[in-house]
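What follows is one structure encoded as structure tokens, with my remarks underneath.
The values are calculated or read from the model by the stated rules, or taken from the named source; none is laboratory data. No experiment lies behind these values; they were computed from the predicted model shown. Heads up, the Cβs are rebuilt from the backbone with ideal geometry, glycines too, and the neighbour counts pull from every protein chain shown.
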Amino acid sequence: MARYTGPVCRLCRREGTKLYLKGDKCFTDKCPVSRRPFPPGQHGQGRRKLSEYGVQLREKQKMRRTYGVMEAQFRRYFEKAERQKGVTGTALAQLLERRLDNVVYRMGLARSRPESRQLVRHGHFLVNGKKVDIPSFSVRVGDVVEVRERSRQKGQFAVTREETGRGVPAWLETDLPNLKGTVLRLPNREEIDVPVQDQLVVELYSR
């Protein structure tokens with residue numbers, strides 16, 4: 001399966017905002033976005049005015065990179081959202097939020113989305129009692145996500161038990177001491193704190 005394997009902090013600098021891809025480092029003074037708030041590369045500090053297309057492209061890239069999705073898969077998410085009733089941008093954001101790797105991150109069971117993706121791929125999680133190792137697995141209302149019994153003693157989850165979490169959104173319910181959580185409902189757009197203008201993404205794909 002294709003995935004980005006380069007330096008993730010470079011992606012944050014390119015988009016000009018924190019995408020929170022490095023977990024705890026993003027909240028420290030070592031964050032490259034804070035230390036070098038300009039795009040990477042030898043021309044990064046030059047002034048460049050973006051065209052309308054450029055602005056739309058940057059919003060799409062920001063959204064895609066936040067969730068760690070490649071271009072072809074992101075387009076399939078958009079096409080699926082376009083077929084649903086309601087606002088296409090909101091439907092797209094909800095589809096991405098329902099990814100299992102994102103839900104694991106939102107529940108506080110991983111420090112970042114890249115880390116949660118790796119944990120899911122390694123088979124550490126159960127959904128409704130069955131092992132799921134597909135990061136793009138789409139959870140539904142009522143699904144129970146938990147760490148497998150044999151994985152609970154690993155160092156990563158021992159630390160998680162002691163942490164209070166970053167704040168779990170209202171559409172999820174988390175039981176950190178028991179390393180599990182439940183999907184209560186689908187998220188509203190206001191509860192998805194990804195700083196992306198959905199409408200610009202829709203306009204880009206509608207060109």
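In the range 111-126, the residues that are in the same structural domain as SER138 (by TED's automatic domain parsing) form Cβ pairs under 7 Å with partners that are of a type in the set (Phe, Trp, Tyr) and in a loop (DSSP other than H, G, I, E, B), at six or more places apart or across chains, as follows: SER112/TYR20; ARG113/TYR67.
Let's see how each residue does on (1) aromatic (Phe, Trp, Tyr); (2) surrounded by 13 or more Cβ atoms within 10 Å (Cβ to Cβ); (3) at positive phi:
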| site | (1), (2), (3) |
| --- | --- |
| ARG113 | no, yes, no |
| GLN118 | no, yes, no |
| VAL127 | no, yes, no |
| LYS130 | no, no, no |
| GLN153 | no, no, no |
| TRP171 | yes, yes, no |
| LEU176 | no, yes, no |
| LEU179 | no, yes, yes |
| LEU204 | no, yes, no |
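Of everything in the range 93-111 that is of a type in the set (Lys, Arg) and surrounded by fewer than 22 Cβ atoms within 10 Å (Cβ to Cβ), the residue that is farthest from PRO187 (Cα to Cα) is ARG111. Among the residues of the range 28-72, write down those that are at pLDDT 75 or above and not in a helix (DSSP H, G or I). Correct list: LYS49, LEU50, SER51, TYR67, GLY68, VAL69, MET70.
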